[in-house]
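The values are calculated or read from the model by the stated rules, or taken from the named source; none is laboratory data. Here the structure is a predicted model, which is why all the values come from computation and not from measurement. Cβ placement follows ideal geometry from the backbone for every residue including glycine, while neighbour counts extend to all protein chains displayed. To get the accessible areas, we keep the full protein, side chains included, count just its heavy atoms, and leave off ligands, DNA and RNA. Shrake-Rupley method; radii C 1.70, N 1.55, O 1.52, S 1.80 Å.
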Amino acid sequence: HVHYSGLILPDIPLSFLMGASVLAFLHAGRSEKYAPGLLYLSGALMAIAYSCRSMAVILLPFFVLYVVLFEKKFKISYFLFAAGFLTIIAAESLYFVSEGLSPLHNFTLNAKAAIAVNSSGECSTSQSYYPVAIFKNLTVFGPYFFLFLPAMVFSIIRRERGALIFLAWAGVILIVLQFGFVSLFPPIPIVKVRKFLNFATLPLVLLGAYAL
């Protein structure tokens, strides 16, 4: 039970919060009526995800990529995303101040924890870790593995907007997990842990469903 609790928590709830944030952001681009509320909600969900675990920041490059490649213009309404994010952070900071702590306590705690974990040497930083984990142990993604690869090829060949968005979402997560750094000075790469691949499961499942 302890083993499986370690696999499930907190990464599965974190994956849900990250996925909900992205889906709200994407839907905002298709609904002018609800766009302000959805962008605010997206930012708030991202802040909650970050408060749970700093790994949530691996999604931020996707938001930038989406705006640049798919929307191709910056909208003033995107500031509502920042407003939603800052609302949660501000509420959290007020709580820390009321407890006699620094308003940036969670940021400091997350930064220290990330550097400590990623520089401890207890987990792999090998560039071959994820390819070996995925291709030699198909239980990582289960039987869906055989759907994900054709779905990726499908999205590239058909070049349909929806499929490419899901591919970009999953691709950014996998690239950051593979090549990302927690710190550049000194350089500290993100450690490789198999359960981190859970973060890419939702966009890959959506991509597979879209391909079908």
- Query: Looking at this structure, is ALA83 open to solvent by 30 Å² or more (accessible area, probe 1.4 Å), free of Cβ contacts under 8 Å to residues at least 12 places away in the same chain and in a helix (DSSP H, G or I)?
  - Reply: no
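Show me the helices (runs of 4 or more DSSP H) found entirely inside segment 92-196 where at least 2 residues are at pLDDT 75 or above and more than 30 Å from LEU212 (Cβ to Cβ).
105-118
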- Query: Taking segment 169-187 as the search range and keeping residues that are touching a Phe, Trp or Tyr at 6+ places or on another chain (Cβ under 7 Å) and surrounded by fewer than 19 Cβ atoms within 10 Å (Cβ to Cβ), which one is farthest from ALA24 (Cα to Cα)?
  - Reply: PRO187
- In segment 200-212, the residues that are open to solvent by 10 Å² or more (accessible area, probe 1.4 Å) and either of a type in the set (Val, Ile, Thr) or modelled with pLDDT of 85 or more (or both): THR201, LEU202, VAL205, LEU206, ALA209, TYR210
- Query: Could you list, in sequence order, the residues of segment 25-58 that are surrounded by fewer than 23 Cβ atoms within 10 Å (Cβ to Cβ) and closer than 20 Å to ARG161 by Cα?
  - Reply: LEU26, HIS27, GLY29, ARG30, SER31, GLU32, ALA35
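With the requirement that a residue be in a helix (DSSP H, G or I) and either free of Cβ contacts under 8 Å to residues at least 12 places away in the same chain or touching an Asp or Glu at 6+ places or on another chain (Cβ under 8 Å) (or both), what does segment 61-80 give you? Walk me through how you get there before you give the answer.
Let us first name the residues in segment 61-80 that are in a helix (DSSP H, G or I), namely 61-71, 76-80.
Listed by number, the residues that qualify are VAL64, VAL67, VAL68, ILE76, PHE79.
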